[in-house]
Amino acid sequence: MERSGHFQRRNPSHSSPSSSSSTSYRQSAHSRSNRFAKSAPNSVGRRISGHQEPEAAKNEPSDPPAIAGTCPFMCPEEERAQRERLRDLAVFERLNGNPSLSSPSLAVKKFCRTITSKQVRASDVRPLPILEDTLTYLLNLLHSAKHPFEVIQDFIFDRTRSIRQDLTMQHIVNDRAIRMYQKMVKFHVISHYKLRNHSSFQDASSLHYLNLEQLTKSLTSLFDLYEGESLSLWFRHVPSSIMRSKEMCFARELLRFFRFGNYKRFLNAVAAEASCLQYCIIEPYVNEVRALALAFINNGGYKLHPYPLAHLSNLLMMKVSEVESFCNACGLETCTDEEGNKLLPMKQTTFCRPKGGFMRYGLMGLDQFEDQLLNCAAGEGE
């Protein structure tokens, strides 16, 4: 997803915005600042639908000028001091575990829902280099084994929203901002997968919903940074080299298999070609395709010839031990022959998709992705 290499790590507690960096992102913001300042879904929707702004809206005052942030730390000193007094420090921000003591190298600015560029001071806003360092620091926390993923995800979830808020208030629109948004989208994609499949946390469903909401918003803003317009028009301007790229060809091929119900080629293509990040996006649809395959086999088989679950295992690319559970989840019964082989009787009329959704079933050949997920989210994988 990224379009360039990695950044060199800087120490957020000692970094200060250089004049060249400040000039660069202020100049890059100037040409498209008003457009990006309104990069919420509603503004994108107006562009896609082709609706024009009312005449009255054209006469309204323009957005306030962009702020040039000067905060040299991951968290403004005043906010850090206040949160120390209130004991409002996340576990990752506590110095030596003390809930009322932090440091510039640990505290990270929280997201504030009601703040506007008219209310904030430049000293409370982090310039682009500090935001880049802060994002790198946050994503590196994904490697921590001291806390459950839900705890890590919740902290990064809030602090990346604050990063996006600082980017928006400064109207930063350049390739460096795009790379940051790409990394944040990756984080939400990985979180979507892990919260959906691996979480035992009691509030996991709400975390999953909120994460999906922020994934959508991040993608909307990223699309806007890509000079967003309707997809049909956008595709016309995509360079042919990108349209012919391996990733684009794979995505279009997989979509074609899905639309035509070609379950065998869909599953084989996913197992053979999907990257770690691609699989996290595709995974929710794998069981839907499997259910389609099971419906075809159930309806198209001979009633007197039950289908061996061992064969079904190869077709659905599932472990034999999971195939029976999957059949039962779809309302189908299984049986055992005299030799102890598990079978699926044909022409059952009870087929249905589970109302609560499918439980998690792996895809044979992709077990290695489990070890790559965190590296992928931290920007080290595809």
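The values are calculated or read from the model by the stated rules, or taken from the named source; none is laboratory data. The structure presented is a predicted model; accordingly, all values stated were derived computationally and were not measured. No Cβ is skipped: glycine too gets one built from the backbone with ideal geometry, and neighbour counts run over all protein chains shown. All accessible areas refer to the heavy atoms of the entire protein, side chains included, with ligands and DNA or RNA removed. Shrake-Rupley method; radii C 1.70, N 1.55, O 1.52, S 1.80 Å.
When restricted to residues that are farther than 20 Å from M180 by Cβ and either polar (S, T, N, Q) or under 24 Å from the mean Cα position of the chain (by Cα) (or both), region 108-142 contains 5.
Among the residues of region 124-152, those that are among the hydroxyl-bearing types (S, T, Y) and out of contact with any helix residue (DSSP H, G or I) (no Cβ under 8 Å at 6 or more places or on another chain) comprise T136, Y137.
Every listed requirement among (1) open to solvent by 20 Å² or more (accessible area, probe 1.4 Å); (2) under 29 Å from P76 (Cβ atoms) is met by R196 save one, (2). For the criterion of being assigned to a helix (DSSP H, G or I) and modelled with pLDDT under 90, C280 passes. Restricting attention to region 314-334, the residues that are in a loop (DSSP other than H, G, I, E, B) and open to solvent by 70 Å² or more (accessible area, probe 1.4 Å) total 2. Scanning region 89-148 for residues that are assigned to a loop (DSSP other than H, G, I, E, B), open to solvent by less than 30 Å² (accessible area, probe 1.4 Å) and of a type in the set (V, I, T) yields V108, V120, V125.
Quick check on region 70-77. Is at least one of its residues at pLDDT below 95, assigned to a helix (DSSP H, G or I) and loosely packed, with under 15 Cβ neighbours inside 10 Å? No, because not a single residue in region 70-77 is at pLDDT below 95, assigned to a helix (DSSP H, G or I) and loosely packed, with under 15 Cβ neighbours inside 10 Å. Scanning region 272-309 for residues that are within 20 Å of M359 (Cβ to Cβ) and surrounded by fewer than 18 Cβ atoms within 10 Å (Cβ to Cβ) yields I281, P284, Y285, E288, L292, A295.
Apart from one condition, I242 fits all of (1) in contact with a helix residue (DSSP H, G or I) (Cβ under 7 Å, 6 or more places away or on another chain); (2) within 25 Å of G362 (Cα to Cα); the exception is (2). Taking the criterion of being out of contact with any Lys or Arg (no Cβ under 8 Å at 6 or more places or on another chain), touching a residue at least 40 places away in the same chain (Cβ under 8 Å) and open to solvent by 80 Å² or more (accessible area, probe 1.4 Å), the only residue of region 335-353 that qualifies is R353.
Condition (residue is farther than 30 Å from D154 by Cβ and in a helix (DSSP H, G or I)) applied to region 220-232: is it met by at least one residue? Scanning region 220-232, I find at least one residue that is farther than 30 Å from D154 by Cβ and in a helix (DSSP H, G or I), so the answer is yes. Within region 155-173, can one find any residue that is surrounded by fewer than 17 Cβ atoms within 10 Å (Cβ to Cβ) and among the hydroxyl-bearing types (S, T, Y)? Scanning region 155-173, I find no residue that is surrounded by fewer than 17 Cβ atoms within 10 Å (Cβ to Cβ) and among the hydroxyl-bearing types (S, T, Y), so the answer is no. None of F266, F258 is open to solvent by 50 Å² or more (accessible area, probe 1.4 Å) and in a helix (DSSP H, G or I) except F258. All conditions in (1) surrounded by 12 or more Cβ atoms within 10 Å (Cβ to Cβ); (2) within 27 Å of the chain's Cα centre (by Cα) hold for G356, with the sole exception of (1).
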